[in-house]
Amino acid sequence: MLDSSLEFLKCVNCSSKLELNAFKHEKEIVEGILECTKCSKQFPIIDKIPILWGDFSLYLSSRKKLSGQLYQLIENSNLRKFYKISLSKIKQFSDDRTDIEERWSLIYQNSKSAKFYTEIKKNIHSIKKSNFVLEYGCSIGIMSSFLAESHQMVFGIDRSFTALRYAKKVHKNNLDYVVADFMSPVFGKLQFDLILALNVLELTEPIELLNHISEQITNGYFIISDPYDFDRGTQSVKKPLDEISLRQNLKNLKFKITSKTKIPSHIIWTLKLNPRAVLNYQVDLVIGKK
Ligand SMILES: C[S@@+](CC[C@H](N)C(=O)[O-])C[C@H]1O[C@@H](n2cnc3c(N)ncnc32)[C@H](O)[C@@H]1O
Ligand SMILES: [Zn+2]
């Protein structure tokens with residue numbers, strides 16, 4: 001975690017300021033604990049990545065394999081103590097997400113030169129230099145790291161620690177990543193000039209996501225793309241959107257849709273699942289401005 005990020009990150013429990021206790025510092029904070037100045041909740045920084053999860057034990061309980069990997073990584077005794085206490089609070093391990101998060105991190109790694117990203121980058125080119133940029137569900141940081149080349153400060157949020165370990169391989173002084181649920185108040189009331197949410201609409205209630213993002217933009221751009229692949233069995237959201245209702249909801253939130261993205265698009269997004277299989281989506285891109 002960059003030292004400079006402390007100013008912007010907030011307690012996901014109560015949105016208050018965080019205090020940092022850094023245990024290992026190189027170019028950035030490698031190990032430490034962030035503590036809320038109001039509710040005293042503590043959040044670990046492990047391998048340069050802050051984990052701002054409301055209940056850290058719960059986070060670990062659905063990632064048994066990762067829990068072991070993190071334990072091996074921690075060097076500092078204070079952090080190790082905190083970690084052991086968190087482990088001891090786990091009541092029951094649920095389905096382990098580690099393998100699936102590792103698998104998808106690799107799929108994104110193998111698909112990072114997909115034309116889809118080139119197309120999105122082309123569309124972003126015309127957006128003027130922003131002070132604060134945020135990417136929801138940034139995964140291995142393909143877009144966040146690109147955005148950091150031309151914008152002042154870029155943050156990426158993802159719930160996958162494994163994906164962010166890949167993302168953190170690229171170090172930039174204006175680029176940082178946080179493990180968090182993107183619906184939690186990671187940045188309190190901070191307003192962004194540009195927010196990206198690519199292909200995440202299926203993973204949370206879409207309208208709630210749009211409302212949440214809208215509250216973080218007073219004067220800026222919102223770039224959203226999606227293949228509207230909402231059929232996910234028991235995991236499906238209650239109110240899916242389509243190309244028309246997405247645009248309508250954005251207008252209701254006072255976003256003006258750019259002329260280029262008023263008409264739905266079908267940008268090809270090819271994900272290389274393995275050497276013998278690819279997943280081909282046709283993604284719609286919408287850019288809104290307030
Ligand atoms: C379909 S992938 C899209 C990745 C990237 N935006 C792209 O288009 O290449 C969705 C990503 O969102 C993350 N994600 C899903 N739900 C999340 C949540 N509630 N909070 C934070 N990240 C989440 C996943 O871990 C995954 O990396
Ligand atoms: Zn708090």
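The values are calculated or read from the model by the stated rules, or taken from the named source; none is laboratory data. Worth saying up front: this structure is predicted, and the values here are computed from it rather than measured. Note that we place each Cβ from the backbone using ideal geometry, even for glycine, and neighbour counts take in every protein chain shown. Please note that ligands, DNA and RNA were not included when accessible areas were found on the heavy atoms of the full protein model with its side chains. Shrake-Rupley method; radii C 1.70, N 1.55, O 1.52, S 1.80 Å.
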Mind counting the residues in segment 163-194 that are open to solvent by 50 Å² or more (accessible area, probe 1.4 Å), within 21 Å of ASP55 (Cα to Cα) and within 11 Å of ligand 1 (Cβ to nearest atom)? 2
Identify all residues within segment 38-56 that are in a loop (DSSP other than H, G, I, E, B) and either within 16 Å of ligand 1 (Cβ to nearest atom) or touching a helix residue (DSSP H, G or I) at 6+ places or on another chain (Cβ under 6 Å) (or both); write none if there are none. ASP47, LEU52, TRP53, GLY54, ASP55
Quick count over segment 131-162, residues being within 14 Å of ligand 1 (Cβ to nearest atom), touching a strand residue (DSSP E or B) at 6+ places or on another chain (Cβ under 8 Å), open to solvent by less than 30 Å² (accessible area, probe 1.4 Å) and assigned to a loop (DSSP other than H, G, I, E, B), is 5
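Right, ILE85: at pLDDT 95 or above, out of contact with any strand residue (DSSP E or B) (no Cβ under 8 Å at 6 or more places or on another chain) and β-branched (Val, Ile, Thr) or not? It would help to see each step written out before you state the result.
On the way: at pLDDT 95 or above: yes; out of contact with any strand residue (DSSP E or B) (no Cβ under 8 Å at 6 or more places or on another chain): yes; β-branched (Val, Ile, Thr): yes.
Yes.
Here is a yes/no grid of residues against (1) open to solvent by less than 100 Å² (accessible area, probe 1.4 Å); (2) within 25 Å of TYR108 (Cα to Cα); (3) part of a loop (DSSP other than H, G, I, E, B):
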{"position": "ILE223", "(1), (2), (3)": "yes, yes, no"}
{"position": "PRO240", "(1), (2), (3)": "yes, yes, yes"}
{"position": "ARG247", "(1), (2), (3)": "yes, no, no"}
{"position": "LEU250", "(1), (2), (3)": "yes, no, no"}
{"position": "SER265", "(1), (2), (3)": "yes, yes, yes"}
{"position": "LEU271", "(1), (2), (3)": "yes, yes, no"}
{"position": "LEU279", "(1), (2), (3)": "yes, yes, no"}
{"position": "VAL283", "(1), (2), (3)": "yes, yes, no"}
{"position": "GLY288", "(1), (2), (3)": "yes, no, no"}
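Could we say that GLU35 is farther than 16 Å from PHE187 by Cβ, within 16 Å of ligand 2 (Cβ to nearest atom) and part of a strand (DSSP E or B) here? Break it down into steps so the answer makes sense when it comes.
Values: farther than 16 Å from PHE187 by Cβ: yes; within 16 Å of ligand 2 (Cβ to nearest atom): yes; part of a strand (DSSP E or B): yes.
Considered against the rule, which asks whether it is farther than 16 Å from PHE187 by Cβ, within 16 Å of ligand 2 (Cβ to nearest atom) and part of a strand (DSSP E or B), GLU35 comes out as yes.
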